[in-house]
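A.B. asks: This structure is in structure tokens; I'll ask about it shortly.
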Amino acid sequence: MSQVLIEFAADLRLFLAPRNRGGQVRTGADGTSSLGHVVESLGVPLPEVGGLLVHGHPVAPAHRPTADDVVRVLAVRRPQRLPITPPRFLLDVHLGTVARRLRLVGVDTAYGNDLDDDTLIEQANRERRVLLTQDRGLLRRRRLWLGAFVRGAGPDEQFGDLLGRFAPPLAPWTRCTACNGSLSPVGKEAVAHLLEPGTRRSYDVFARCEACGRLYWKGAHHRRLEEIVEAAVRSACSAPPGPHSDRGPSGGPVSEDPSPS
Ligand SMILES: [Zn+2]
């Protein structure tokens, strides 16, 4: 059988089998499989592919590679342009810490720790949210309108990867980390009866989630949360100009108590 040479961008090689991590793969061209199918069968989810070139010319995933084709598979460009503005995300069940961090910096982020794959895809499609996951199988599902693979082993790396990939506008301290609702300032007198005496004595500035009613103030975890926010804002400022020019307000009077650990 004739052969096709496929060269993968460096950013895509983590998806390849160890023997292919050099990035160049020779594979048989059967004349019937689409290039998209061939790329996916080598392990690379199509939502991670930014373009396909055959002898330097762009082709669609439906292209059928033929003998002696030389194919380049490009990674998505960073920051990635999305069909929704501002970006909205749905995080897979294992990414709860990253979900809370995204909310902390004001990014619209849905998350539930008990959603199965079909439910995740349905919700992503219905609410036009980009599904973020570390499950490549999920990204290969045809029904999913848009997804992305989250790189990194822990929340620090994963959060940094997402900020770099999507450059979302940041609006720290505007969203409930527990439920993704919007926070509004609330007078101390209106909530005093809900507070522990120690909190009532120590804090004067409060915000309330419009969706779940949770109260926020600059509590015990505040320093750690501020560090996370400051690092995110720094990385947004140092990133190349993204598809979104409006970075939103940076900083606000309120903070929150539950830690995104
Ligand atoms: Zn809430």
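A.B. asks: Could you please find all residues in the range 221-230 being more than 16 Å from the ligand (Cβ to nearest atom) and either surrounded by fewer than 16 Cβ atoms within 10 Å (Cβ to Cβ) or over 17 Å from D161 (Cα atoms) (or both)?
C.D. replies: H221, H222, R223, R224, E226, E227, E230, listed by residue number.
A.B. asks: If you check T32, T27, which single one turns out to be in contact with a strand residue (DSSP E or B) (Cβ under 9 Å, 6 or more places away or on another chain), without any contact (Cβ under 8 Å) to a residue 60 or more places away in the chain and surrounded by fewer than 19 Cβ atoms within 10 Å (Cβ to Cβ)?
C.D. replies: None of the other options fit; the residue is T27.
A.B. asks: What are the residues in the range 158-201 that are surrounded by fewer than 22 Cβ atoms within 10 Å (Cβ to Cβ) and of a type in the set (V, I, T), if any?
C.D. replies: Listed by number, the residues that qualify are T174, V186, V191, T199.
A.B. asks: Every residue in the range 204-220 that is of a type outside the set (D, E, K, R) and surrounded by 16 or more Cβ atoms within 10 Å (Cβ to Cβ), please. Walk me through it before giving the result.
C.D. replies: Going through the range 204-220, the residues of a type outside the set (D, E, K, R) turn out to be 205-207, 209, 211-213, 215-217, 219-220.
Answer for the range 204-220, where residues must be of a type outside the set (D, E, K, R) and surrounded by 16 or more Cβ atoms within 10 Å (Cβ to Cβ): F206, A207, C209, L215, Y216, W217, G219.
A.B. asks: Return a yes/no flag: does the range 169-190 have any residue that is basic (K, R) and either closer than 16 Å to I228 by Cα or in contact with a Phe, Trp or Tyr (Cβ under 8 Å, 6 or more places away or on another chain) (or both).
C.D. replies: Let us first name the residues in the range 169-190 that are basic (K, R), namely 175, 188.
If we keep only those that are either closer than 16 Å to I228 by Cα or in contact with a Phe, Trp or Tyr (Cβ under 8 Å, 6 or more places away or on another chain) (or both) as well, we get 175, 188.
Taking every residue of the range 169-190 in turn, at least one turns out to be basic (K, R) and either closer than 16 Å to I228 by Cα or in contact with a Phe, Trp or Tyr (Cβ under 8 Å, 6 or more places away or on another chain) (or both).
A.B. asks: Got at least one residue in the range 111-130 being under 14 Å from the mean Cα position of the chain (by Cα), part of a strand (DSSP E or B) and within 22 Å of A9 (Cβ to Cβ)?
C.D. replies: Within the range 111-130, one or more residues are under 14 Å from the mean Cα position of the chain (by Cα), part of a strand (DSSP E or B) and within 22 Å of A9 (Cβ to Cβ).
A.B. asks: Could you check the range 178-206 and list, in sequence order, the residues that are touching a residue at least 40 places away in the same chain (Cβ under 8 Å) and either farther than 30 Å from R88 by Cβ or within 16 Å of the ligand (Cβ to nearest atom) (or both)?
C.D. replies: Listed by number, the residues that qualify are A178, N180, L183, P185, F206.
Values in this text are rule-based calculations from the coordinates and carry no lab data. Note that this is a predicted model, so its numbers are computed, not measured. Positions of Cβ are backbone-derived with ideal geometry, glycine not excepted, and every protein chain shown enters the neighbour counts.
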